[in-house]
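The values are calculated or read from the model by the stated rules, or taken from the named source; none is laboratory data. Remember, predicted model here, so these are calculated numbers, not experimental data. Every residue, glycine as well, gets a Cβ built from its backbone with ideal geometry; the counts of neighbours run over all protein chains shown. To get the accessible areas, we keep the full protein, side chains included, count just its heavy atoms, and leave off ligands, DNA and RNA. Shrake-Rupley method; radii C 1.70, N 1.55, O 1.52, S 1.80 Å.
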Amino acid sequence: SAKFLVRYLEGLESANQNTIPLKYAVSKIGWRDNSNEFIIPNVSNYRIDMEDEGEVTEAFSVKGDFEKWKETSREIRKEPFARFVLATAFATPLIKIFRNRNFMLYFWGTSGGGKTASMVWALSIWGSPARLMKSFYGTQNGIEKALAFSNDFPIVINEKQVMNGKDKQDLFEQIVYMLEGGRGKLRASKTGLKKTALWRSIG
């Protein structure tokens with residue numbers, strides 16, 4: 001009965017052209033092509049039409065006290081490392097404006113040194129850190145999709161030690177080159193080529 005439902009919905013739309021409110025949608029967040037508009041989910045007037053099941057779009061949430069956030073950030077900025085991480089999270093949307101290339105920061109050190117805490121606070125600029133932060137416990141294809149969906153925003157990939165696969169170093173290098181290159185894998189479809197994923201980001 002699917003074809004009858006489609007006909008009904010087409011008829012419903014046609015009969016209510018002047019009644020149904022018009023809503024524009026975008027399939028990518030960040031800067032719109034050939035435009036000065038910057039799209040942030042949950043703040044934008046556009047409907048975000050992405051196949052992420054809310055993984056990315058719902059992570060851009062607004063919550064808490066902005067004055068308290070600024071007060072805490074002033075204290076955090078007294079630590080050079082944390083200040084640097086915070087600055088990179090703010091800087092990511094500027095990559096397009098200044099025509100710079102993607103780049104990645106790699107942090108390592110003893111447990112409890114503040115690496116994850118600094119990155120969590122940096123992600124709080126844009127939304128829920130717990131949802132925005134990604135893990136190396138996943139596939140290269142999954143990380144590629146996350147990069148494509150997070151275009152013009154920073155991406156934090158945590159916990160390198162839980163990376164899958166036998167040759168973890170080789171996979172890690174592939175992810176680094178992919179992130180820096182700003183382009184996903186070339187893939188074939190049944191009829192030709194799939195559209196290659198593109199992004200601008202600081203990892």
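Does region 43-55 contain at least one residue that is in contact with a Leu (Cβ under 6 Å, 6 or more places away or on another chain), open to solvent by less than 50 Å² (accessible area, probe 1.4 Å) and touching a residue at least 24 places away in the same chain (Cβ under 8 Å)?
No, region 43-55 contains no residue that is in contact with a Leu (Cβ under 6 Å, 6 or more places away or on another chain), open to solvent by less than 50 Å² (accessible area, probe 1.4 Å) and touching a residue at least 24 places away in the same chain (Cβ under 8 Å).
Got a number for residues in region 57-88 being assigned to a helix (DSSP H, G or I), under 25 Å from the mean Cα position of the chain (by Cα) and surrounded by 10 or more Cβ atoms within 10 Å (Cβ to Cβ)?
Going through region 57-88 one residue at a time, the tally reaches 15.
Does any residue in region 1-29 that is more than 30 Å from A197 (Cβ to Cβ) and open to solvent by 90 Å² or more (accessible area, probe 1.4 Å) come within less than 8 Å, Cβ to Cβ, of a residue that is at pLDDT below 95 and outside any helix (DSSP H, G or I) six or more places away or on a different chain, and which pairs are these?
Close Cβ pairs satisfying both conditions: E13/I20.
Could you look through region 99-146, keep only residues that are in a loop (DSSP other than H, G, I, E, B) and among the hydroxyl-bearing types (S, T, Y), and pick out the one that is surrounded by the most Cβ atoms within 10 Å (Cβ to Cβ)?
Result: S124.
Starting from residues that are in a loop (DSSP other than H, G, I, E, B) and farther than 23 Å from V56 by Cβ, keep the ones in region 157-185 and report whichever is modelled with the highest pLDDT.
Per the stated criteria, the residue is D167.
For region 30-40, give me each residue that is modelled with pLDDT under 90, open to solvent by less than 100 Å² (accessible area, probe 1.4 Å) and not basic (K, R).
Within region 30-40, just S35 meets the criteria.
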